[in-house]
Structure formats: structure tokens, C-alpha cells
Amino acid sequence: MSHARRRVVRRATQLAAVGGLLLGGTMVTQAVASEPPGTAALTRSGPAAGTGADLVQRLGTSRTAGTWINAQGRPVVAVTDEDAAAEVRDAGAQPQQVRHSMSDLKAATAALRAAPKVSGTAWALDYRTNEVVVRGDSTVSSGDWARLTEVAEGVGGFVRMERTEGTFTTRINGAEPILSTAGRCSAGFNVTDGTRDFILTAGHCGPIGSVWFSDNQGRQQVGQTVRGSFPGNDYSLVQYDGGRAGAGAEVVAVGGGKGVRITGVDNASVGQRVFRSGSTSGLRDGQVTALDATVNYPEGTVSGLIETDVCAEPGDSGGPLFSDGIALGITSGGNGDCATGGTTFFEPVTKTLSELGVQLIAAAPAAGPSPSASAGAPGAATPGSSAPVGGEVAATLLARLSDPKNVGPGMLVIAGSLVALVATRYVRAEQDRKAYRNYYSATWS
């Protein structure tokens, strides 16, 4: 780390020690009134499985059973007949013939939803094995598990029952210093309705009316939860006081004074390499393992989630899930931790934006080759790649932080980002930062 970067981190640490953290401090924010030049309010950018998703939509649920990305990065489509397989091959994707269609899989999940709810259970569609996987955590009694197993057996032989360690919980942390009336969470992505700016975070972080502060003494109010849904869904909007955020709204902090420019939003794909950032455990990476997951939390049932093998811990709730600079989800809950591993579920951003009627605040996508395929100019930060939060930019941001006029909407998030993801979590997240650095080696600066 350079001397200049050390000074930046030390200064951020000092400022954050005075001001505290907002929502666990995982976002660097920017004020956006409507759609300024160079900002794409909503950009959809398909992953490698885009062809697979198009084929699934075209062929229909009775002839397909999902799509995923294989180890070579090629889209695979599960099909139920040879004619469909031929169409998939002609389109340049790889077919895999299976016995059960998406209609069959959906019918199985409908039967599970209709059964009496059992807290501590979850199920998701495993496209690669052509099964519905039902998991029960350590809180599920043997009697409840036996009754749910009977329901699964009545559906058919393509429902797989698994017991799992730990418990399925939302990732809010009531034991840490409380930064709202409900607890400490992590900011996800910044969004706008064209007039006002908001933080998109998890719904279980606090009901409508929850007030968020940037310090644990409750003296510096940042915003208030104005909309949300939990259970059923797991999202909420925190409106910035004054309606504006701060500088850098399109950047997600990933530690080491660096961030990733978010250039758009899309649906996740099974097999996709993804990254998650949170105020407790920092930057972590993994893979999307299933879609359309349902989790029966103690507080209620949430459906339509993205299932991953990325770890998370209490306080990471609401943090962003992304890949190649594309926003995918916000952290909901799961089991395990970042010492032993576990399963983490995310609320899809595409669905959330649609239901809330807001747009992602995003950077304009770079023209030409993708950032992971080509190197940028020395010192340049390509949208979707790692962007250093340092030098003149950092000095400007920190100057704004120290200005009392700017202590409020989003300003202390920057200090929180540097502290939570650089100083206090640096050692713990170093392995995952190396993985990210390797994944984006062409543009890591």
C-alpha cells in the first residue's frame, strides 16, 4: 500500500471513528437527481447464459427445465425431447436431456408451499440434477421432517431431501451497535425514482418508518425506510434525508480502498461466478447454485430467491451481490459463516426494481471488449472492474466528509466503507480479494 493510500485509510478511520457507520457501511454513494450525462439509470447486460435463457423462454416450460453455465462458460439448457435438443444445438448452446420439465419442478414446489410451513426449511430448483432440493436445518424436529418427507415422496422421485448444519436465519445482527430501531445491516445498491435517491437493502432490516443513523448515538440521521416487503419478499427502500445521496453512487466498495463500478442489472444464472460485499465479512466470492429458492425463516417465508454457496454473517444483510459489474441481488439470509462456509440467499434486484418502480443508479457501460477480457489504460478504471478509491478522488471525498455541511445523506458511508471493508475486515477478506483480483486480473489496478 502506498504512503498516500495509507494516509487515506488512516484519515477515513479517524473520520469513521467520530461518525460511525451507516447500515454497516458497504456503499460509496453519489447524489443523482434524475439521469445525468454518463449515468445509465437502468442497463441490462446478459451473462454467458443469456442464450440459454432466451431458448428456455422460446421453447417453453413443458420442453425445458432450466439453464446454467458450465465450467467452460458455455450455456447449457435442460430439455425434455430431442427436437428441443436440436434447436438448442442450432442456437450454439449445449443441450442436456432430462426427464422432468420445468412444469414438473414448479408443480413440486407448489405442493411444498401448500404443506404446513416448517421454520428452518428451504427448497430450490437444482437445474443441473433436474431435482427440487429440500433442506432442513438443525432446528427442524424429526417429526416435522418426517411429515415434509411424506409430502416430497407424494410429489415424485425428483425431490431430494437433505439435512444441513446450522440454522437458516436472516443476517441482521442485533448484538452489534444498533444503527436503526431494528439493528445493523449493509447498504445494497443506490437507486432513484428520478426525483429522490434511496438505498436498496433487505426488508427484514427494519419495517417502514425505521430511522437510520450514521452513528450509534443516534445523532446523525441518514434516512428512513419508506417502502419494503418482508416476509414474502425481502427488500426495502431507505430514502436519503433531503432526497440526495453522495458522490460515487455507482461504486460498490470491495476493500483495500477499491470499489467496483456497477454498470447495469440482470438476472442471475446457475453456475455464474458472483461476488458479495458486506459490512461484517467484507468481500466474498462463490457461485450461483440454484434459482427460485424458498426459505422458511423464523419470521416468515420468502420466495423467489437466488441460492449461492457464498458465505455471509450477521450484519451482512442487504449487501450487494454482483458479477462483472452487474447488480444481481441483495443479501437476505442463510446458514453457516465465513469460517465454515454455508448457503446464502439473495433477493433478485431485477424483480425488486420492477416492483418498487425505481431504477438502479449505474455507471455508463464501457464501449468495446468486456473489462475481464482486455486491459484498460494504466491508472484507468473500467466500469465493472476494480476502481481505486484513492488519490485525488479520495482526497475530494474525504474533504467532503470532513465538511460539517455534508455530514448527513450518504457522506459517512464512505468512511464506513473504508473502515468496514479495509481496516477492520482486511485480513479476514484477503483471500476473497485475491480471488477477485485473479478473476479481473486484466483491469485490477
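Summary table
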item	result
Matching residues, the range 98-116, being part of a loop (DSSP other than H, G, I, E, B) and surrounded by 14 or more Cβ atoms within 10 Å (Cβ to Cβ)	VAL98, HIS100, SER101, ALA115
Residue satisfying all of: in the range 314-356; farther than 18 Å from LEU291 by Cα and assigned to a strand (DSSP E or B); most open to solvent (accessible area, probe 1.4 Å) among these	ASP337
Residue ranges of strands (runs of 3 or more DSSP E) in the range 206-305 with at least 1 members over 30 Å from ARG135 (Cα atoms) and of a type in the set (A, V, I, L, M, F, W, C)	211-213, 221-229, 235-240, 251-255, 258-261
Restricting the range 117-149 to residues that are more than 25 Å from GLU347 (Cβ to Cβ) and polar (S, T, N, Q), the residue that is least open to solvent (accessible area, probe 1.4 Å)	ASN130
Any chance VAL238 is closer than 18 Å to THR201 by Cα, out of contact with any helix residue (DSSP H, G or I) (no Cβ under 8 Å at 6 or more places or on another chain) and open to solvent by 10 Å² or more (accessible area, probe 1.4 Å)	no
Residue count, the range 183-205 (criterion: assigned to a loop (DSSP other than H, G, I, E, B), modelled with pLDDT of 90 or more and surrounded by 22 or more Cβ atoms within 10 Å (Cβ to Cβ))	1
Some residue of the range 192-202 being free of Cβ contacts under 8 Å to residues at least 60 places away in the same chain and out of contact with any Asp or Glu (no Cβ under 8 Å at 6 or more places or on another chain)	yes
Qualifying residue in the range 112-123 (condition: touching a Gly at 6+ places or on another chain (Cβ under 6 Å), at pLDDT below 95 and among the β-branched types (Val, Ile, Thr))	no
Cross-chain or 6+ apart pairs with Cβ under 6 Å, the range 289-307 first and at pLDDT below 95, then aromatic (Phe, Trp, Tyr)	none
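The values are calculated or read from the model by the stated rules, or taken from the named source; none is laboratory data. What you see is a predicted model, and the numbers here were worked out from it, not measured in a lab. In this analysis, Cβ positions are derived from the backbone assuming ideal geometry, glycine residues included, and neighbour counts consider all displayed protein chains. Surface accessibility is based on the protein's heavy atoms, side chains included, excluding ligands, DNA and RNA. Shrake-Rupley method; radii C 1.70, N 1.55, O 1.52, S 1.80 Å.
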